[in-house]
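Here the structure is laid out as structure tokens; the discussion comes afterwards.
The values are calculated or read from the model by the stated rules, or taken from the named source; none is laboratory data. Note that the structure is a prediction, hence the values are computed from the model and not measured. Here the Cβ positions follow ideal geometry from the backbone for every residue, glycine too, while neighbour counts run over all protein chains shown.
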There are 2 protein chains.
Amino acid sequence: MLVTMLALEVAIPYAMRMKTNSLHVFAHRIFPLLSFCSVTEYLLVVRGLKALRRSFSFTAFVVLLCWEIVLTCDSRLCVACVAQQCTPWPMVVLSRGLCPYFHTGVRARNQWKDDGPGGAACCGDPLLFEAYWRANPNLGTVVIPGWYRMSYLTRDNAAILYTDALLRTIRDLHGMVGNAVTKDRYIVVGTGSMQLINAVVHSLALLNSDRVSSVVAKAPYYSAYKVQTEYLDSPLFNFARDPARFTGNATGRGAQIELIASPNNPDAQIQEVPQNISEHVIYDHAYNWPHLSPITKASDHDIMLFTLSKITGHAGSRIGWAIIKDYNLYRTVQWYVVLNTLGVSHESQLRATQLIRTIIKSYSEGIRNEKGLFHYGREVLESRWATIQSILKNSSRFSLQELKPDYCFFFAQIVDPSPGHAWIRCNYEEDVDCAAVMLSAGIIGRKFGSGNRFVRLSLLKRRSHFEILTARLTKLVAQTSSST
Amino acid sequence: MLVTMLALEVAIPYAMRMKTNSLHVFAHRIFPLLSFCSVTEYLLVVRGLKALRRSFSFTAFVVLLCWEIVLTCDSRLCVACVAQQCTPWPMVVLSRGLCPYFHTGVRARNQWKDDGPGGAACCGDPLLFEAYWRANPNLGTVVIPGWYRMSYLTRDNAAILYTDALLRTIRDLHGMVGNAVTKDRYIVVGTGSMQLINAVVHSLALLNSDRVSSVVAKAPYYSAYKVQTEYLDSPLFNFARDPARFTGNATGRGAQIELIASPNNPDAQIQEVPQNISEHVIYDHAYNWPHLSPITKASDHDIMLFTLSKITGHAGSRIGWAIIKDYNLYRTVQWYVVLNTLGVSHESQLRATQLIRTIIKSYSEGIRNEKGLFHYGREVLESRWATIQSILKNSSRFSLQELKPDYCFFFAQIVDPSPGHAWIRCNYEEDVDCAAVMLSAGIIGRKFGSGNRFVRLSLLKRRSHFEILTARLTKLVAQTSSST
């Protein structure tokens, strides 16, 4: 206890010298874990901070703080800590010996592959946005009392499992960004667009159930299209890879359902409407946002999928939506969501609504100011793309996908490329497995359904990850140059 | 504005005379909608209340309050209002003309079938618990800042999509209640047990993929078993209704997967292990909690499903879990969740953890006191069951399932029945459709896969719903008696 108090007596004055906008920003920065206490507990600690600022009576405050944290929040604090992988100093002191979760967290962190240096370029987790929300701790917070939305259903729309507020917010967002037409379209909310991919495939196949539908995707395609479709198998459809292999009804194979990511994952290319190939096209617009790709027009397709993950970075909330023109398809997709998961988390819906409104508000108030999330995301990703380009520009061993500056209607200017991924080709004949070449340099990339010559590196991760990636890539390229 | 101020000048003093434990309880009671503002906004209003209490300067406070609510929260307040179908008086005044959502809510409420008198006994939404959480507004609240758990993954368990904290809390809950063995078992969290029903069926069929598995359920069974299994069809399995029709491998039809709800939905009977019928049995223990059924032993089956919905009433959170003995099955079910929805909402996970901990805390501190959720639930449901029994006891037209008092280890005493549903049989020869008979009296019940002679009435809904149900049922029984 003495050690705890001494540690805090050093740490708190140090923290108090930080520039902070307000007491709440301060409280969030120093004790992010406090957010996991109840409102009452949170207020108690904030009151403590206020008392501290007034009286500078450290000892009294520390006693209060220890009392609050250890006795009223204890294990919840540890959850917060594990959740954020944070080791704020009071936690380290307070948790040792008190909190089993904390130690689990530390141990597990060392085992965690993706977060280690090796995994710095793997997987599509959009962690770069975390810094934005941490820097703006007053944005997007929700307080959810025990009695909030306990029903399966929302009352503002009969037998519908998601809120009108969320749907309206989604429409407002598309209206502001100008990336998709929502007028006279239906919206289905899903547990991530992952659920909706299968929901739409299943529903299209069901509406064409006199035939077995072929699900196709042109390489390189998002690998989940194939894995998910094959795993969540159905007598109604099967995965048939490349649309070029099929000629529709002529083969007697039934309806063709094409999955198209635009901008494409992995290579960020805009995909246009395929020519005379597919009967049904599902446009996965996960990356069709102004920080990830120039907005050149409002997408106006029959079936469009979006996800919160790549807009605000909240992948863990599992909120996706499908914008659908046909009423029958809309009802069928909705029914899939009902029978699959009986709806979508109401907590996630509330938070998504709040987060999206925060974005809309920042732009409507500041009129395309420099503090909006899209400006932040574009700035980071343009700079990352330029870095990757400069590392690879003189390499004959590796080549990068080509992307050109384009006019973006949202930013009202020509913008440089800012893709979420680098799509790298290994050119040397002996580099038959490009992912293995990267791995030998300590970089975990991902193969993407177009042979072994290519590897996808994520540019969406935390800054620390990106720095490790560029250091290792620079070393790899330098080794190659010096050996040739 | 003048009207608003006048209304608040009357309303606030009225409210201030209420017995409240603290300012926060007060704030929550009077302005539940405030919970949807950000922390800062919430604090501002609480500060306003404090100022009011000190100075009793109503006018100044009302101006502050109007300013805060209308200008900083506006549409969010309306969401809160619609979400809870509440019409607290300041909202009515403030919203009129200001808030399109509010009017949508009011209009939609009138259209809402299930919430009207007719739907009072339909559907399994466990709304009776809402009163418990409203009466204890400081319990189970979570504050979620913008940066909380943005990743798909949790860092405390490599490549796992849900938190150790939730799993640990679930184990603690089962340990406290004594209703299921979790030691040396694996736990998979799903988007409600709805997702897990199909995840387990799919996985069992996949692990026996050399044959087409038959999914069976003995009538009367939870209707979703059939509807979901048939809709989320697969080449690996099909729904084959009654297990008695099949004799396992002898028919050459492959593995048999039996779905058993215990206590059963709809009739609340405890289901024992079937005799020499099924190869794989999935025990759906949604109702295996001390407020819904006496806990006579810790269930120790290979596959057990649970859901938050019927424990705390948070159906909208979509949190369910499977407790699984076999490691291969566990991994396969987990993989289904990954490919189906890429995990489970982190907001829901946090809230579920907090809610369950609240329950555990209330019992560990009070040692089975009278304020715990299970005591509350049992008290309400025992009384409802007694009411239904007394209405039907002299009726020859309708009979009710038989349930006996039993010793409950959790309450450490013999307890009366407290089922979630009344399972009613229409005895008159001419009443071939029991649901239609109920409907003629204004009661919407549900058929449950065992012919038309039976109807299920929910006892889990709000008190107002139950009162409408009993009034109409009493009238129906009286009509029958007088006509005979």
Item to check | Close pairs from the stretch A:164-181: first closer than 16 Å to A:Leu373 by Cα and within 14 Å of chain B (Cβ to nearest Cβ), partner of a type in the set (Phe, Trp, Tyr) and in a helix (DSSP H, G or I), Cβ under 9 Å, at least 6 apart | outcome: none
Item to check | Residues located in the stretch A:312-331, provided they are assigned to a helix (DSSP H, G or I) and out of contact with any Asp or Glu (no Cβ under 9 Å at 6 or more places or on another chain) | outcome: A:Thr312, A:Tyr327, A:Asn328, A:Tyr330, A:Arg331
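Only one residue in B:Ser309, B:Ser345 is in contact (Cβ under 8 Å) with a residue 60 or more places away in the chain, touching a Lys or Arg at 6+ places or on another chain (Cβ under 6 Å), within 14 Å of chain A (Cβ to nearest Cβ) and surrounded by 22 or more Cβ atoms within 10 Å (Cβ to Cβ). Which one?
Values: B:Ser309 fails: touching a Lys or Arg at 6+ places or on another chain (Cβ under 6 Å).
From the options B:Ser309, B:Ser345, the qualifying one is B:Ser345.
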Checklist outcome for this item: Of (1) touching a Gly at 6+ places or on another chain (Cβ under 8 Å); (2) buried (at least 21 other Cβ atoms within 10 Å of the Cβ), A:Phe454 satisfies every one except (1)
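Out of the stretch A:283-311, which residues are hydroxyl-bearing (Ser, Thr, Tyr) and within 24 Å of B:Gly190 (Cα to Cα)?
Step one: filter the stretch A:283-311 for residues hydroxyl-bearing (Ser, Thr, Tyr), giving A:283, A:287, A:293, A:296, A:299, A:307, A:309.
Correct list: A:Thr307, A:Ser309.
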Checklist entry - Given the conditions (1) aliphatic (A, V, I, L, M); (2) within 30 Å of B:Pro290 (Cβ to Cβ); (3) surrounded by 14 or more Cβ atoms within 10 Å (Cβ to Cβ), and given that B:Ala412 satisfies all but one, which numbered condition is not satisfied? => result (3)
Checklist entry - In the stretch A:301-352, what residues are among the charged types (D, E, K, R) and over 26 Å from A:Leu460 (Cα atoms)? => result A:Asp302, A:Lys325, A:Asp326, A:Arg331
Checklist entry - Within the set of pairs 6+ apart or on separate chains, which have a first residue in the stretch A:460-484 that is not assigned by TED's automatic domain parsing to the domain that holds A:Ile311 and surrounded by 13 or more Cβ atoms within 10 Å (Cβ to Cβ), a second that is among the β-branched types (Val, Ile, Thr) and assigned to a helix (DSSP H, G or I), and C-beta atoms under 6 Å apart? => result A:Thr470/A:Thr387; A:Leu473/A:Ile391; A:Thr474/A:Ile391; A:Val477/A:Ile391
Item to check | Total residues in the stretch B:323-335, condition within 14 Å of another protein chain (Cβ to nearest Cβ) and farther than 26 Å from A:Gly313 by Cβ | outcome: 3
Checklist entry - Looking at this structure, is B:Arg456 assigned by TED's automatic domain parsing to the domain that holds B:Gly377, assigned to a strand (DSSP E or B), touching an Asp or Glu at 6+ places or on another chain (Cβ under 9 Å) and among the basic types (Lys, Arg)? => result yes
Checklist entry - Residues in the stretch A:429-448 that are closer than 22 Å to A:Pro419 by Cα and buried (at least 19 other Cβ atoms within 10 Å of the Cβ): how many? => result 7
Checklist entry - With respect to B:Gly192, is the statement that it is on the phi > 0 side of the Ramachandran plot, within 14 Å of another protein chain (Cβ to nearest Cβ) and at pLDDT 95 or above true? => result yes
